[in-house]
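*Asks:* Sharing a structure below in structure tokens format, with a few things to ask.
The values are calculated or read from the model by the stated rules, or taken from the named source; none is laboratory data. Quantities reported herein were computed from a predicted structural model and do not represent experimental measurements. Because the Cβ atoms are built from the backbone with ideal geometry, glycine has one as well, and the counts that use them run over all protein chains shown. Ligands, DNA and RNA are excluded from the accessible area calculation, which covers all protein heavy atoms including side chains. Shrake-Rupley method; radii C 1.70, N 1.55, O 1.52, S 1.80 Å.
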Amino acid sequence: MPSVHPLRSPAPKLPASSVSDVLAARGASSEPSLSYEFFPPKDDAGVEKLWATFDELLESAPDFVSVTYGAGGSNREKSFQIVERMAPRVLTIGHLTAVGATKASTREILDRYASAGVSTILALRGDSPKDQPDALERGELRTALELVELARDSFEIGVAAFPEKHPESPDMRHDAAVLKLKAEAGASFGMTQLFFTLEAYQNLLAENQAAGVSLPIFPGLMPVANARNVVRMAELSGAAIPSKLMQAFEEAKSDDEARAIGMEYTIELGRQLLEAGAPGLHIFTLNQSGPALEVARGVGLVSQ
Ligand SMILES: Cc1cc2nc3c(=O)[nH]c(=O)nc-3n(C[C@H](O)[C@H](O)[C@H](O)COP(=O)(O)OP(=O)(O)OC[C@H]3O[C@@H](n4cnc5c(N)ncnc54)[C@H](O)[C@@H]3O)c2cc1C
């Protein structure tokens, strides 16, 4: 059974009531938080695996978890079912997208999250699904900012942050200005897109500081356990993989060797992020416990 590292005291048995509470408690003792992201699986086998993964990761005493949400509501029901089952056991952030939604339907979803015991949402715009390219134009909410404004009276709100800029943004300064609007509208923390260098995170913090944004930003850390998959995800999201790492993957003699290279890289990046003052690590689990735990142990947030 994994136990928390002496550097990080256990999360309280009762779920914390907000990310701000976690930050206050951890900040007071200068301890980083540990959290995990899950996604709603496509089939029954995936659902079974998700719950086994969740149970195993819960033993590492995460401060919170989050569950993604299909833009356009594609996997909405599954997201709810998962969130409803996780929320009584650990602080659970429900992701929510605005794309294609009406204000009334969004309020209904917020009500449902509230009934499930969710007090924190990650307010996102989402992207138009491939089969509905005009979804964003058809919806009533056009930006995540409008979702922040709609939800802020009833929820604690986190928002997306982009260490290598949002693909539609002209530059990082624009992103920082938008983040500032979200903070002024009531968002209380940011969570990043995947990225692979300390420099990317530091650039984001520097842009935010220059724009006067003081939101804590949780780095999203992707365990590079399967090089091929992660390279594909990086391409889709626009995250740059350092050429040295790509070269090491190309020279790896087996998948096992590539995995070892990728995981060592992830753990080192996690350590550097914590040393650089990240408030915690939000690990993208891809619904697998092994790589996530390996990273949490490797960076010292969970004992070996
Ligand atoms: C941590 C994290 C979790 C995610 N989880 C999910 C998920 O569960 N489901 C999902 O479908 N997607 C998810 N996404 C992806 C996200 O929905 C997309 O990246 C989307 O393209 C942008 O979302 P956003 O909330 O940043 O949008 P917005 O903040 O609306 O930004 C979108 C673009 O519009 C610009 N913009 C926004 N507001 C303004 C303004 N007022 N003035 C000028 N420009 C503006 C921004 O600069 C940016 O270029 C996640 C992303 C992250 C980082």
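*Asks:* Which of (1) within 26 Å of Thr266 (Cα to Cα); (2) open to solvent by 10 Å² or more (accessible area, probe 1.4 Å) does Phe189 not meet, given it meets every other one?
*Replies:* (2)
*Asks:* With the requirement that a residue be open to solvent by less than 60 Å² (accessible area, probe 1.4 Å), more than 13 Å from the ligand (Cβ to nearest atom) and not hydrophobic (A, V, I, L, M, F, W, C), what does the range 121-169 give you?
*Replies:* Glu156
*Asks:* Then there is this: Test each condition in (1) assigned to a loop (DSSP other than H, G, I, E, B); (2) more than 16 Å from the ligand (Cβ to nearest atom); (3) crowded, with 21+ Cβ neighbours inside 10 Å for Gly117 and report the one that comes out false.
*Replies:* Gly117 satisfies all of (1) assigned to a loop (DSSP other than H, G, I, E, B); (2) more than 16 Å from the ligand (Cβ to nearest atom); (3) crowded, with 21+ Cβ neighbours inside 10 Å except (3).
*Asks:* Looking only at the range 231-264, which residues are within 16 Å of the ligand (Cβ to nearest atom) and surrounded by 13 or more Cβ atoms within 10 Å (Cβ to Cβ)?
*Replies:* Within the range 231-264, Met233, Ala234, Ser237, Gly238, Ala239, Ala240 meet the criteria.
*Asks:* Would you say Pro10 is in contact with a Lys or Arg (Cβ under 6 Å, 6 or more places away or on another chain) and either in a loop (DSSP other than H, G, I, E, B) or surrounded by 21 or more Cβ atoms within 10 Å (Cβ to Cβ) (or both)?
*Replies:* Against the criterion (in contact with a Lys or Arg (Cβ under 6 Å, 6 or more places away or on another chain) and either in a loop (DSSP other than H, G, I, E, B) or surrounded by 21 or more Cβ atoms within 10 Å (Cβ to Cβ) (or both)), Pro10 does not qualify.
*Asks:* Hey, among the residues in the range 89-104 that are open to solvent by less than 30 Å² (accessible area, probe 1.4 Å) and among the polar types (S, T, N, Q), which one's nearest to the ligand (Cβ to nearest atom)?
*Replies:* Thr97
*Asks:* Check off (1) within 13 Å of the ligand (Cβ to nearest atom); (2) modelled with pLDDT of 90 or more; (3) among the hydrophobic types (A, V, I, L, M, F, W, C) for Ala71 and give me the number that stays unchecked.
*Replies:* Only one criterion is unmet by Ala71, namely (2).
*Asks:* Show the residue pairs meeting these rules: Cβ distance below 6 Å; 6+ apart or different chains; first residue within the range 180-198 and within 14 Å of Ile93 (Cα to Cα); second residue assigned to a helix (DSSP H, G or I) and at pLDDT 95 or above.
*Replies:* Ala187/Val148; Ser188/Ser20; Phe189/Val19
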